[in-house]
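What follows is calculated from the coordinates using simple rules that are stated; it is not laboratory data. Here the structure is a predicted model, which means the values were calculated and not measured. Neighbour counts are summed over all protein chains in view; Cβ atoms, including those assigned to glycine, are modelled from backbone coordinates with ideal geometry.
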Amino acid sequence: MRARTFFAALFLLLLTARLCHLDILWAEEDLPMAAATQMEFGKALYRDVWFDKPPLVASIYLAWGARPGWPLRLAGALYALLACALAYAFARDLWSPLEGFWAAGLLGLFLIFDFPSAVMPLAADLSMLVPHVAAVWLAHRGRLFWSGVLAGVAFLFNTKALFVLAACALWCWAGIPLLVAGFLLPTAIAAAWLAAAGALVSYIDQVWLWGFLYAGSTFLEHPVRDGIVRTADWLGFHAALVAGILGARHGIQVAVRWKLAAWAAISFVAAMLGWRFFPRYYFQLLPVMVIAGARGMVLVRRWRMVALALLLIPLIRFGPRYFLLARDLATHQPHQWSDVALNQDSQAAAVLVRELAHPGDTLFVWGFRPDLWVYTGLPAATRFLDSQPLTGVPADRHLTQSAAVEAEFTRANREELARSRPTFVMDGLSRYNPALAMNCYPELRAWLDGYHEVGRTGGIMIYRISEHAP
C-alpha cells in the first residue's frame, strides 16, 4: 500500500509538471514528432524521411499518433514514472526498499526540476533512460541475456547505448558472450526491418556518417573549459546527490562500490562525447548518481537535512516557471518567455498555412523548425524535414554560424530538393542567418523563383508555388 501511494503521488507530480507545458513543443521532441507524422503518411524512415537519430526515437511517438498536447505530456509522465520505478527496484535490490523510495523520488524530482528543454522531450537522451536503468539492473540480477536485449533497445534510441552495454559488463564479466548475444537480437531485428524497407544504407548515412561529422565538430570555442564549467554547474544543481554519494562512501559494499564508480566513469565519458555538454547529455550519468545518492540519504541521518536543503537549488531555480506556465494556461494568456518564442512563432505561421492549404498540398521547411510539420499536419514533398542535410550546418549553430561540417553530399541533396514541387515553403532560417538563405545556393535560385510570398511572421517567411512555376 505504501509503495502504491508513493508512486501514485509521484505520477501526479510528474504529470502536473508536464501538463504545464501543454501548449509547447521543445526542439528535441519536435523533430522525432515531425518524422513520426511523415511515417503516418506511409513514408519509411531514412528512405523517405531524412532523420539523423536511431529509429525508436521517432517510432515511439506513433504510440499516441504523434499528437501534441495532453497525449504527449501524459506519455512523458508515464515514461518518467517507469524510469523511477526501475530506479526503485534497482536500489531496493542493492540495499532495501527505503533506498528504493529515495532513488525513485530523487529521480522523479530531477526529471521535473531541470532545464525544460532537457526533461520535457522524449528525445534520444531521455528515451534511453528506461532501457539504460533496466539493462544494468538486469545485469546485477544475473539476467544477462535480457540485460543485453535492453541495452540493444537502448541502442535503438541512442547510439551512446554502447556505453550502457559496457556498464552492464561490469556486473557480469564471465557472461559477456550471453550479454552480447542479447544486445545483437534487437539490433539485428531492426537491421532486418530497415533492409526490408530499403532504408538500411540511408540509416547508416544519416545516423552514423552524419553523426560522426556532428560529433566531431563542436560549436564551442573552448570545449575543455566549457566542459569543466558545465559539468560543475550540473553537479551544483545536483548537489544533493553529490552529498548523498559522499555520505555513502563507507556504507556501500566494496564489490558494489567499484561497480558503481566504474558505471559513473563510463557514463561520464559518454556524456563528454561531441564536446557539447548539453544538459540532456548528463541523463547518461543521472541513474548511477541517483542510486548511489539514495544510499547516502539513508545513511547520513545527522546530515540528511543538509542534503535535503540542497534540493532547494533546483527547486528555486526551476520551480517558479511551472507556476507561471500554469497561470498562463488558466488565464488563456500567451507565455512571456524567451525560451518558447520560436515555438510560438511556429504556431502563428502554421495557422496562416492551414488557412491557405487544401487537401493534397505539401510542404518543405528551410531551417530547423520541425514543429512546423507537427502544427501544419502537411505531408513532406521531399525527404528533408530541415536544412541540415542541405547546408551541412548542424542545428546547434545554424542560427549564428554558416561553416559547414560537410559539403560533399549537400550539393546533391539541394539538387534533389530543386526537383521537388512542394505547395508551400516555410523559411525559418534566412531572416536569422542571411548567409544560409536559400537564394545563396545556385542550385536553389531558379527553384525559388517559382514561388511567391504569401505571408510572414516574426521569423518565418511563407511561400506558395506560383501557377506558372515549371
Set of lysines near residue 53 by C-alpha distance (under 19 Å), chain-local residues within fewer than 8 positions excluded | 43, 160
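Remind me, relative contact order of the stretch 2-316 in percent, using alpha carbon pairs under 8 angstrom and six or more residues apart? Please report the intermediate quantities before stating the final value.
On the way: 448 pairs, mean separation 62.9, N = 315.
After rounding, I find 20 percent.
First check a/c for the stretch 340-465, with a ≥ b ≥ c the square roots of the eigenvalues of its C-alpha gyration tensor; if it is under 1.5, answer rounded, and if not, answer prolate when a/b is larger than b/c or oblate otherwise. Working shown, then result.
On the way: a/c = 1.72, a/b = 1.25, b/c = 1.37.
It comes out oblate by the Cα gyration axes.
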Apply the Karplus parameterisation 6.51 cos²θ - 1.76 cosθ + 1.60, with θ equal to phi minus 60°, to every residue of the stretch 127-135 and state each ³J(HN,Hα) to the nearest whole Hz, in sequence, with x for glycine and proline.
-> 5, 7, 4, 5, x, 4, 5, 5, 5
Where does each of 342-352, 356-366, 283-293 land if you order them by average Cβ count within 10 Å, highest first?
-> 283-293, 342-352, 356-366
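Ranked highest first by the average count of other Cβ atoms within 10 Å around their residues, in what order do 295-301, 42-48 fall?
On the way: 295-301: 20.3, 42-48: 17.9.
Most protected by this proxy first, the peptides run 295-301, 42-48.
Going by C-beta contacts inside 10 Å, put 316, 460, 266 in order with the fewest on the left.
Sorted ascending by nearby Cβ count, the order is 316, 266, 460.
Is the shape of the stretch 181-266 rounded, prolate or oblate, going by the alpha carbon gyration tensor and its root eigenvalues a ≥ b ≥ c, with a/c under 1.5 for rounded and a/b larger than b/c for prolate? Walk me through the numbers before you get to the answer.
Numbers: a/c = 3.94, a/b = 1.54, b/c = 2.55.
It is oblate, given that a/c is not under 1.5 and a/b is not larger than b/c.
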Approximate spin-label separation residue 331-residue 402, in nm, with each point projected 7 Å along Cα-to-Cβ = 4.3
Restricting attention to the alpha-carbon atoms of the chain, what are Rg (one decimal) and Dmax (integer), both in Å?
-> 23.2, 79
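By average Cβ neighbour count within 10 Å, what is the ranking of 61-70, 188-197, 124-133 from highest down? If you can, show how the numbers build up before the last one.
Numbers: 61-70: 15.6, 188-197: 13.9, 124-133: 25.8.
Listed from highest to lowest mean packing, they are 124-133, 61-70, 188-197.
For the chain, give the share of DSSP beta bridges that are antiparallel, in percent and rounded to the nearest 5; count only bridges with both residues there.
Values: 9 of 15 bridges.
Percentage antiparallel, nearest 5: 60.
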Most exposed first, judged by fewest Cβ atoms within 10 angstrom, 322, 88 run 322, 88
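By the gyration tensor of its Cα atoms, with a ≥ b ≥ c the square roots of the eigenvalues, what is the shape of the stretch 324-392: rounded for a/c under 1.5, prolate for a/b over b/c, or oblate? Could you put the intermediate results ahead of the total?
Values: a/c = 3.51, a/b = 1.61, b/c = 2.18.
Since a/c reaches 1.5 but b/c is at least a/b, the shape of the stretch 324-392 is classed as oblate.
Starting from the Cα-Cα distance between residue 209 and residue 432, subtract it from 0.36 nm times their residue separation and give me the gain in nm to one decimal.
Details: separation 223, 0.36 × 223 = 80.28 nm, distance 2.78 nm.
That pair, residue 209 and residue 432, stretches by 77.5 nm at full extension.
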Counting helices only, and only those DSSP H runs with n ≥ 4, report the 222 nm mean residue ellipticity of the chain as the sum of -39,500 (n - 2.57) divided by its residues, in deg cm²/dmol to the nearest 500.
-> -18000 deg cm²/dmol
